[in-house]
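Worksheet: one structure, shown below.
The values are calculated or read from the model by the stated rules, or taken from the named source; none is laboratory data. In this text the structure is predicted, and so the values were computed from the model without any measurement. Note that each Cβ is placed from the backbone with ideal geometry, even for glycine, and that neighbours are counted across all protein chains shown. Accessible surface areas use protein heavy atoms only, side chains included; no ligands, DNA or RNA. Shrake-Rupley method; radii C 1.70, N 1.55, O 1.52, S 1.80 Å.
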Amino acid sequence: MRGAIPVLLMAVAMPSVAWELPSQNELAAVQGESLQLALCESGIPLPPTRQEARQRAGHHLGLERWAVKKCLVYRTSRAKSERYRLTPENNAATARLARQLGVSDIFCRYLELLAGGGLSRREEYLVNQALQGMLREVYGIDTLQIRLLSESLDLPASQHMQFMMALPVYGMFDLVPDTPPSTGRVMADMQIMAPLMRQMAQVLRTVCDEKTADAAAAELLALLPVWNTTLRTRQALVKQEIKLSTFEQMLMPLLNTAFEQVVQERRRLGAADWFGSACLRSVDELFR
């Protein structure tokens, strides 16, 4: 027992600056969790957790999330013009954009590692896994949505990039929770969706040539962030994951009538090949 006393005294006497709490991912690496451990063994910096990112960025995390989305949109659009390959040049250009927009250093460093060309295949895999995990866990971004939208746009490369970079990304590409929305949220969303669809139909009715079609596309794009707030409810309604209350059932005819108005205009415009406006056709896809 006496032999333990000096050790304890030494621990107490050590200056506090010598101790620094490890991050959650560092603890995970120590505990042997596969990705974190593999990153440490390869000398690749660990990503932050969401809590650590919030502590670092504070109320600026929302702005940083917007900037990350802008970078991913740029990266994805450029990849489409390069036969869906994420080239070192693409990663380098995206890293430069990220630094200009003030994105966290670790996000930029991952892109720069991928751009450098000095990684083994295993290291490249680990960096991509760390990057994707950070986008999902820290920023809550659905990168699959970005890729699917990019692939669906039938636009020349320059117009594709222009269209993608003009998107109101702060209200787009968010991961949707697996849990069904609450009753109060469903009711609120339904009350948003019906008038918004009527407004959409009204905008589409104004289209009679390419000029008015492009103008309508701009008007609809401004409505997109509000429309995207109802995504979880729309998915739940389509999948029949929720049981509607009496009041919500009363709202359904209003929703169906508004939706049919939009469908009628889509049929008219589709028959006219959207009056030659690839922009309007692309924007309309975002509301489906």
From phi via Karplus (6.51, -1.76, 1.60), per-residue ³J(HN,Hα) for the stretch 122-128 in Hz, x at Gly/Pro: 5, 5, 4, 4, 5, 4, 4
Of M250, M197, M187, the one that fluctuates the most in a GNM where the chain has Cα springs shorter than 10 Å: M250
Amide H contacts under 5 Å for D142, placed H, 5+ residues apart: D174, L175
Helix 105-116 vs. the chain, principal-axis angle (Cα, 0 to 90°, nearest 10): 90 degrees
Of all accessible heavy-atom area on the chain, the percent that carbon and sulfur account for (1.4 Å): 57 percent
Cross-link partners of K80 among aspartates and glutamates (Cα-Cα below 13 Å; sequence separation of 8 or more within a chain): E151, D154
Accessible surface, the chain, averaged per residue in Å² (probe 1.4 Å): 57 Å²
Tensor-based shape of the stretch 158-288 (alpha-carbon gyration tensor, a/c under 1.5 rounded, otherwise prolate or oblate): oblate
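What does the net charge come to around A93 if you take all other residues with beta carbon closer than 10 Å to its beta carbon, with K and R at +1 and D and E at -1?
Here the count lands on +2.
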Listed residue (M172, Q191, Q159) projecting farthest to the positive dipole end of the stretch 153-220, Cβ model: Q191
Cβ-based charge dipole, the stretch 206-259, positive-most Cα from L223, L255, T233: T233
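How much mean residue ellipticity at 222 nm does the chain get from its helices, if each DSSP H run of length 4 or more adds -39500 (n - 2.57) and you divide by all residues, to the nearest 500 deg cm²/dmol?
Value at 222 nm, helices only: -22500 deg cm²/dmol.
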Centre separation in Å (Cα based) which lies between the stretch 139-210 and the stretch 69-91: 21 Å
Label-to-label distance, nm, for residues given as Q159 and Q129 (7 Å Cα→Cβ offset): 4.2 nm
Straight-distance crosslink candidates among aspartates and glutamates, where the alpha carbon sits under 12 Å from K69 and sequence neighbours closer than 8 are dropped: D142, D174
Charge dipole (debye, nearest 20) of the chain; +1 at Cβ of Lys and Arg, -1 at Cβ of Asp and Glu: 100 debye
Assigned charges on the beta-carbon of Lys, Arg, Asp, Glu; the stretch 106-215 dipole about Cα centre (debye): 160 debye
Cα shape, the stretch 32-104, gyration tensor, a/c 1.5 rule: oblate
Amide N of the stretch 70-86 lying under 19 Å from the label point, which is placed 7 angstrom from the Cα of L224 along Cα→Cβ: 70-81
Full-stretch length increase - T87, E260 - with 0.36 nm per residue and alpha-carbon distance subtracted: 57.9 nm
Ranked by how many other beta carbons lie within 10 Å on average, peptides 66-79, 99-112, 172-185 from highest: 66-79, 99-112, 172-185
